[in-house]
Amino acid sequence: MTILNNIGKIMASDCDRAVQSDHLYDVLIRLAQSLDNDADQKLLRHLAQRWQEKTFNLMVLGQFKRGKSTLINALLGMSILPTGVVPVTAIPTSLRYGDTIRCVVEFRNGESCDIPLEELPHYVTEEGNPKNEKAVAHVTVFAPSPFLSHGVQVFDTPGIGSTLLTNTDATKKALPQGDAGIFVLSPDPPLTETEATFLREVSSRVTRLFIVFTKADIVGRSELEELIQFNLQLLREILETDDVPLFRVSARMVLEAIERSQTPRDAYEFAKLRETIQEFLRNEKEAVLRKAIVARARGVVTRERDLIQIEIRSITMDEVERAERLERFHAEVQRLAREQQAANDILRGDGARLITEINRCAESIRERVTRELEHDFRELSASDIPRSKLLKGASTIFSRLSERIAIVFSRERARLERQIGEQFARIREDHVERIHGVLSRLMETAGNLFDAPTSAWDLKVECTVELEDYWPLLQPSSALGTVPVEIFAFLLPTQWLRRRHVRRLSQALEEAIVANTERLRYHFIQGLERTLRALRDELEVEFSDLVRVVEEAVQRAAVTSRQEATLRQATLSELQTRLQMLEEFDEVLLKEESQ
Ligand SMILES: Nc1nc2c(ncn2[C@@H]2O[C@H](COP(=O)(O)OP(=O)(O)OP(=O)(O)O)[C@@H](O)[C@H]2O)c(=O)[nH]1
Ligand SMILES: [Mg+2]
């Protein structure tokens, strides 16, 4: 495959950067290996794994045939995904970094298998897998593209708005997993109403959205500008902002250049798009995670250093003094454990208040959605449909309302997530600060009792409300049921029949709203309770670990102090060496922090 051979040359500088980003991983693993303390080792390995696995989901979305799969191939610098002139992508496909190309198909029954790249179209396209007869749930392709380094996972989604409704469905289900999105538009035709509706939904869900106007090569430059200005005007209205990041590109030109072993030159703003996305990933996503991980690792180093100081001082104490100080330490532990309990009680209270807030929000969501959908419903059912078309009319109203339910609830979910997320962040900060106070005092006490200077360290916990990726929106079809068809309907007077259709649809609509609000409420409360438990447990483990490691250090010191002078001296100088090594690790971590 020539494209694969060329990619290495063309994007070599990016590869260097990808390799460099693993330095922090190595530092964390080396630090873990150099420690005796199991809990800290485990924590550092966990941090290294989080760093290595840092994933960031970039969804490529848009109407069918806009050129999504081609654009992904161009961003990756290799022709991986099938593309074509009829609706192609039928199964959401994710692309992740791997040293070699590997395709993994996961089936709905939970089984999975590896397939050669050539067979990918048999599983992900409408032609190869019509109506998903192979029951594929998801396909992951691992590829050695620098674009996929830094943990980015690109999702190719089936195009929305085609006659293949299952494609639109599959894409909407994948949407909640997105961190950022690329919305693909092209000259043929300009933005449609379906796209506008979908775009509104997408923009409320992802933290960052890039608009890409691809296939720029199919129109002349002046026509292109005219089209772009037209689309931009609509986009500003839809996204309710004047700041719309739009990039003109030609994915085809990029791929053709790579095939000819050339660096793509004029593919409009393709290079800028690629750079902006990577910049965003590096700066906004990676930097935040890097800071949190480094702070945590430096906390471990500081604590280890403090413990060594305590051990060194304890070795030189006499037995009675050491035992008496350990007893005082335990008394202080009891007192601080009560303080920790009080902090947990406050957390519980804050959690309960947040649940009340979720309930209140759910109630206003129900009222707001009801007002909005009832208004839609009145408009939809206002027209005077002739008797012969009554059933068809009801069926149209039914599917329009089903669509609106999905959109409106997705928007409300995103809104609630933001609102609750912000409040949770404050609760988390307060709790972490309280527990941090308890832990610092614990360490300070140990330091004072054993005449060893201890240093302040940072306790950073950055957990967010853990919601299930997929929010189980009650599928409008099952929520609204099917439009009732009655055998004797033809005997009923038209007005009567019309009123009955309206009544039934209105009742089904109300039931769907209530059911979905309830699901939304339950989903958030469950997520919040799970997260609060995890936060409390994590900090409790931190407390008991700290007590244990201080005790262990003092006990080791007791053993050492009973040894004969040369052995004791050897242990002391080994501890000094470890102290020195930890200082060096701290310097390396400090440099990593400012990367
Ligand atoms: N001229 C030109 N054609 C393009 C470009 N990008 C895509 N195409 C063509 O547009 C057609 C559709 O491209 P795809 O990448 O399959 O589109 P898609 O959005 O993934 O389509 P679905 O998966 O069916 O939703 C193909 O025939 C591509 O060759 C481009 O930049 N320029
Ligand atoms: Mg496609």
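A probe of 1.4 angstrom, applied to the heavy atoms of all protein chains, finds I407 with accessible area near 20 square angstrom.
In this calculation the C-beta distance from Y522 to F230 is compared with R0 = 60 Å, giving a FRET efficiency of 0.85. For E367 and R102, the FRET efficiency from 1/(1 + (r/R0)^6), where r spans their Cβ atoms and R0 equals 45 Å, is about 0.35.
Of the listed residues D114, D40, D22, the order by accessible area with a 1.4 Å probe, largest first, is D114, D22, D40. Once both labels are positioned 7 Å from their Cα atoms along Cα-to-Cβ, the gap between E357 and Q262 label points is 5.7 nm.
Based on Cα contacts under 8 Å between residues 6+ apart, the range 54-284 shows a relative contact order of 24 percent.
Between S440 and T192, the distance separating the two model label sites (each 7 Å from Cα on the Cα→Cβ line) works out to 5.9 nm. Protection proxy ranking of 511-524, 230-243, by the mean of other Cβ atoms within 10 Å over each peptide's residues and highest first, is 511-524, 230-243. Size descriptors for the range 54-284: radius of gyration and Dmax over Cα atoms are 16.8, 52 Å. The accessible-area ordering, largest first, of the residues T316, T89 stands as T316, T89, per a 1.4 angstrom probe. Here E240 and I218 are evaluated by their C-beta separation; at R0 = 41 Å the FRET efficiency comes out at 0.85.
Simple spin-label estimate for Q33 and V502 gives 7.7 nm between the two label positions (7 Å along the Cα-to-Cβ direction from each Cα).
What is the Cα centroid distance between the range 235-276 and the range 102-165, reported in whole angstrom? What the calculation gives is 24 Å, centre to centre. Protein-only accessible surface at a 1.4 angstrom probe places the residues V541, V549 in the order V541, V549, largest first.
By a 1.4 Å probe calculation restricted to protein chains, T566 has an accessible surface near 100 Å², given to the nearest 10. Were the residues from K591 through Q49 laid out at 0.36 nm apart, the gain over their Cα-Cα distance would be 193.1 nm. The residues neighbouring T316, those whose beta-carbon lies less than 11 Å from its own, together hold a net charge of -1 under the Lys/Arg +1, Asp/Glu -1 convention. Structure note, pairs K68/K272; K68/K215; K68/K134; K65/K215; K291/K591: Cα-Cα distances above 21 angstrom occur for K68/K134.
The values are calculated or read from the model by the stated rules, or taken from the named source; none is laboratory data. Just so it is clear, the model here is predicted, and its values are computed rather than measured. So basically every Cβ, Gly included, is an ideal-geometry build from the backbone, and we count neighbours across all protein chains shown. SASA here: full protein model, heavy atoms, side chains in, ligands and nucleic acids out. Shrake-Rupley method; radii C 1.70, N 1.55, O 1.52, S 1.80 Å.
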